[in-house]
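**Q** The following block contains the structure, expressed as structure tokens.
The values are calculated or read from the model by the stated rules, or taken from the named source; none is laboratory data. In this text the structure is predicted, and so the values were computed from the model without any measurement. Cβ placement follows ideal geometry from the backbone for every residue including glycine, while neighbour counts extend to all protein chains displayed.
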Amino acid sequence: METFTFKGRLCGTLCPDHPEPLSNVRLRLYRLRDTQDAAARAVASPKETLALLSDEDVKAKEPSLLAEVETDAEGRFSFELGERQGYRGEAFDVDIYCGTVPRLKPKRVPPRPRQLSITTFQPQWRRREEGRIAVWEYCLPQRVWCWFRGLFGAWTICGKVVTCDQPAAPVANVKVSAFDVDWLQDDPLGSALTDAGGRFRIDYSTDDFETTPFSPGLDLELTGGPDVYFRVETAGGVSLLDEPPSRGRKPDRENRGPCFCTSLCVDLDPAPPFENPWFTHVGDFHILGDINAATGLTHSAVLGHSGPGYGFFGALKLRGFCPKTISGQPARYRFLYENLATPGTLTPITGSLVTGVLVGARLILWDTFGTGLAWTFQSIYVKGSGATTDPTPAPVLPPGTPWGAPPAHVIIPDDDGWIAVDPNGLDGGFYGPLLRFDTTGVLPTWHAPGNGAGNAPPSPKNGIDLAIHFEAGPVTGPAVFSNTLGRIHVNNWNSVVELNLQELSGPGTACSKITNAIHIQHTVDHELTAAWSLGISSAAAFPPPPPLPSGTGPRGGFGTHFVDVSLWPPCAYFVTLGTHRRLTDGEDDDEGTSLQVVFCK
């Protein structure tokens, strides 16, 4: 009996640009019952079939339960259906069972579990070697998900802080605090820091705005929901926005529901953010303007190398800026990568994923020439291992012996990828290279399998898409700055390059002389082949053959090419197959490779 894999991801919409994963909820699949119109329900939109089930409804559906799983932290799920369940590919009901909802604050009275029927779903099964598979991604609409969260007493404010000046720009790393106007006292609902895009999210519960000084005996609100006003201040406590409580009584703020979406504007000093950490480049390529957000490939050449449609390979120099201090405390930063084939898992770039890179310099007292201590420049490197102590120890030598050049000062990322900025470094921090990311630790430099010269490869290989995340903050606290390169295409596969002459490939023919013709068997394959070509050379003067096979662009080519050599003079001849890939490490491009076969006539 066939195996059916049903997988996907679920989320709920809080605000138009604020979805959240349905993490750690029970996803239940039910067989259709005889009373259901399967065809009508399977083609209906989920917004027409969403329904909250009573305890009696849930109990009535128990005999029809097909399978259930728990979603992960990113809302992903996967079912394996088949013989054990007696499943043969038919439609089923999809419900979610929640004992809680994401980010629910602890309540005085725990909420009771709820079950929501989403839809009747007929998967569009695709055949694979291991069975059939169907993928379903669905985000509950805002009106449903917010109402459902409200049943648990979970309330949320999602918003964005921008500059009042036009065009509006996002304001990062500011603290947003929300309050509810109450007849006895103003209730603090919570606070949050804005991210690099100016976005923030504040989660609170009904206890936060229904509670009074007389609770639990008296819980009174002047209106049904909170009447919200805000304060915005910098990390240093400077006020940017301080709304009066009366602002909460305006129609757009009064009696807000479980999801409140808002935008706040503040007036800022127009001076640029000199001290803001930022990830800006991969090698010579700016992460915003030089790398295509849809493909992860380069837009065009930079500084005379690479060109349109280049991917990346090898060790990538990640460049940007991180100051020595953030919010008055010593600063640190880190990079993490995310494989977009399995989104949601962020892995720190540390250990073997780090190749040494020069990040700065500092001055130390050092006796380079044996003439006494003098201020001397010392290089600062970030490497995957080999950390050095600080201060740099002086060598044990007889007096007057030159110490030579000082060894480099080496910093290694900790297990979570954090790198402390050297407070003794020159300038205001690390500016330029911050880390070198060895992508072969994620996708090794494999030799793609060939199938013999002249034949198509049995399994053409492709690269992977990664996101690279940057975070920075004080060493004693969480990250307060972040930005991301949303997609970069990495391919460390070697090209398939195979070359042979049919006349030399049989038993006992490797040293045979050629008389009348050759049949050139060639194969080139790589996802990002830039160009490939065949050529023939010799010390003899010979009639030029007709144009030989060549090409540009993926994936290469293969075949057998006939060449008449009957009129060529006796001599040795070289058949060459050359190719290079459309790949760069951000600074240096792929140099290509070539193969040669020699024959005599």
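**Q** Return yes or no: is Pro63 closer than 13 Å to Arg31 by Cα and without any contact (Cβ under 8 Å) to a residue 24 or more places away in the chain?
**A** yes
**Q** Quick one: would you say Thr476 is closer than 29 Å to Gly559 by Cα, β-branched (Val, Ile, Thr) and either modelled with pLDDT under 95 or touching a Cys at 6+ places or on another chain (Cβ under 6 Å) (or both)?
**A** No; evaluated as a whole, the condition is false for this residue.
**Q** Looking at region 143-161 only, could you name the residues that are over 25 Å from the mean Cα position of the chain (by Cα) and either among the aliphatic types (A, V, I, L, M) or surrounded by fewer than 18 Cβ atoms within 10 Å (Cβ to Cβ) (or both)?
**A** Arg143, Val144, Trp147, Gly150, Leu151, Ala154, Ile157
**Q** Looking at region 437-495, which of the residues that are aliphatic (A, V, I, L, M) and part of a loop (DSSP other than H, G, I, E, B) is farthest from the chain's Cα centre (by Cα)?
**A** Applying the first criterion (aliphatic (A, V, I, L, M)) to region 437-495 yields 442-443, 448, 453, 456, 464, 466-468, 472, 475, 479-480, 485, 488, 490.
So of that shortlist, the ones also part of a loop (DSSP other than H, G, I, E, B) come out as 442-443, 448, 453, 456, 475, 479-480.
On the way: Val442: 13, Leu443: 15, Ala448: 25, Ala453: 38, Ala456: 33, Val475: 24, Ala479: 17, Val480: 19 Å.
Here the answer is Ala453.
**Q** Going through Pro123, Pro110 one at a time, which residue ends up being under 30 Å from Ser64 (Cα atoms), at pLDDT below 90 and out of contact with any helix residue (DSSP H, G or I) (no Cβ under 7 Å at 6 or more places or on another chain)?
**A** Working: Pro123 fails: at pLDDT below 90.
Answer to the check: Pro110.
**Q** Just for strands (runs of 3 or more DSSP E) wholly inside region 341-406: which have at least 3 residues that are closer than 22 Å to Asp422 by Cα, of a type in the set (A, V, I, L, M) and outside the structural domain of Thr71 (by TED's automatic domain parsing)?
**A** 357-366, 374-382
**Q** One residue is enough: does region 62-78 have a residue meeting the conditions at pLDDT below 90, under 26 Å from the mean Cα position of the chain (by Cα) and among the acidic types (Asp, Glu)?
**A** No: region 62-78 contains no residue that is at pLDDT below 90, under 26 Å from the mean Cα position of the chain (by Cα) and among the acidic types (Asp, Glu).
**Q** Looking at region 420-449, which of the residues that are acidic (Asp, Glu) and farther than 14 Å from Asp585 by Cβ is modelled with the lowest pLDDT?
**A** My answer is Asp427.
**Q** Collect the residues in region 337-358 that are within 19 Å of Gly314 (Cβ to Cβ) and in contact with a Ser or Thr (Cβ under 9 Å, 6 or more places away or on another chain), keeping them in residue-number order.
**A** Tyr337, Asn339, Gly351, Ser352, Leu353, Val354, Leu358, listed by residue number.
**Q** If we keep just the residues of region 280-337 that are part of a strand (DSSP E or B) and basic (Lys, Arg), which is surrounded by the most Cβ atoms within 10 Å (Cβ to Cβ)?
**A** Arg319
**Q** May I pose another question? Checking Thr368 against (1) among the β-branched types (Val, Ile, Thr); (2) over 30 Å from Ala73 (Cβ atoms); (3) crowded, with 19+ Cβ neighbours inside 10 Å: exactly one of these is not met. Which one?
**A** Just one mismatch for Thr368, condition (3).
**Q** For region 110-177, which strands (runs of 3 or more DSSP E) that fit wholly inside it have 3 or more residues that are hydroxyl-bearing (Ser, Thr, Tyr)?
**A** Of the strands (runs of 3 or more DSSP E) lying wholly inside region 110-177, those with at least 3 residues that are hydroxyl-bearing (Ser, Thr, Tyr) span 114-121.
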